[in-house]
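Asker: Please read through the structure below; I'll follow up with questions.
The values are calculated or read from the model by the stated rules, or taken from the named source; none is laboratory data. Owing to the predicted nature of the structure, the values given are computational and were not obtained by experimental measurement. Here the Cβ positions follow ideal geometry from the backbone for every residue, glycine too, while neighbour counts run over all protein chains shown.
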Amino acid sequence: MEARLKLFTNPVATGFLKHLVSAGTSVADAALPASTRELVLLRASQINGCGFCVDMHSKDAVHAGEAWERLNLVAVWREATVFTDAERAALELAEQGTRIADAAGGVSDEVWADAAEHYDEDQLAALVAFIALINAFNRLNVITQQPAGGYRPGLLG
């Protein structure tokens, strides 16, 4: 598979990517656990069918010490016993925030309240920011058919 557009050599795409990366950097230091962030990024990428991001975030998570068993179960997190209640709340928020067009009401009050039981306001802001950001990256990569499989941890940052 060859990408439709070379995102790292096209000056318009590269300029846009710099802003997206900067947006992620602005919330990277929030007190949100890194494992929660990676689980959320991975789940949204799975839903959106973004092979590049699934490859990237699963490898980054393993590189940071996450267990493959948990990563392999992200797509079926409701049936898995390896996630905490806080992680489950974050995964549900990520799913509803990613599938926003599928539900006329967007993210339900119940899902928001569940997340708010486990995360403080800064962590919630970071979760929302990461969900919005990964959806933007997913769409960019899916539209331009960025190939998956060649990512190495640290390659992009």
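Asker: Going by the conditions given, is V128 touching a Lys or Arg at 6+ places or on another chain (Cβ under 7 Å) and closer than 17 Å to L32 by Cβ?
Answerer: It is false that V128 is touching a Lys or Arg at 6+ places or on another chain (Cβ under 7 Å) and closer than 17 Å to L32 by Cβ.
Asker: Keeping to the stretch 81-126, report how many residues are of a type in the set (A, V, I, L, M, F, W, C) and either at pLDDT below 95 or not in a helix (DSSP H, G or I) (or both).
Answerer: Summing the residues that are of a type in the set (A, V, I, L, M, F, W, C) and either at pLDDT below 95 or not in a helix (DSSP H, G or I) (or both) in the stretch 81-126 gives 7.
Asker: Since G24 meets every condition but one in (1) of a type outside the set (K, R); (2) touching a Pro at 6+ places or on another chain (Cβ under 8 Å); (3) within 18 Å of A126 (Cβ to Cβ), which condition does it not meet?
Answerer: For G24, the exception is condition (2).
Asker: Given D102, D109, D55, which one is touching a residue at least 12 places away in the same chain (Cβ under 8 Å) and either surrounded by 14 or more Cβ atoms within 10 Å (Cβ to Cβ) or more than 16 Å from L41 (Cβ to Cβ) (or both)? Spell out the reasoning first.
Answerer: Working: D102 fails: touching a residue at least 12 places away in the same chain (Cβ under 8 Å); D109 fails: touching a residue at least 12 places away in the same chain (Cβ under 8 Å).
D55 is the lone residue from the list that is touching a residue at least 12 places away in the same chain (Cβ under 8 Å) and either surrounded by 14 or more Cβ atoms within 10 Å (Cβ to Cβ) or more than 16 Å from L41 (Cβ to Cβ) (or both).
Asker: Only one of R78, R152 is basic (K, R), more than 30 Å from F8 (Cα to Cα) and either at pLDDT below 95 or not in a helix (DSSP H, G or I) (or both); which?
Answerer: None of the others qualify; the one that does is R78.
Asker: I've got another one for you. Name, by its number, the condition in (1) basic (K, R); (2) free of Cβ contacts under 8 Å to residues at least 60 places away in the same chain; (3) farther than 21 Å from A3 by Cα that does not hold for R37.
Answerer: Only one criterion in (1) basic (K, R); (2) free of Cβ contacts under 8 Å to residues at least 60 places away in the same chain; (3) farther than 21 Å from A3 by Cα is unmet by R37, namely (2).
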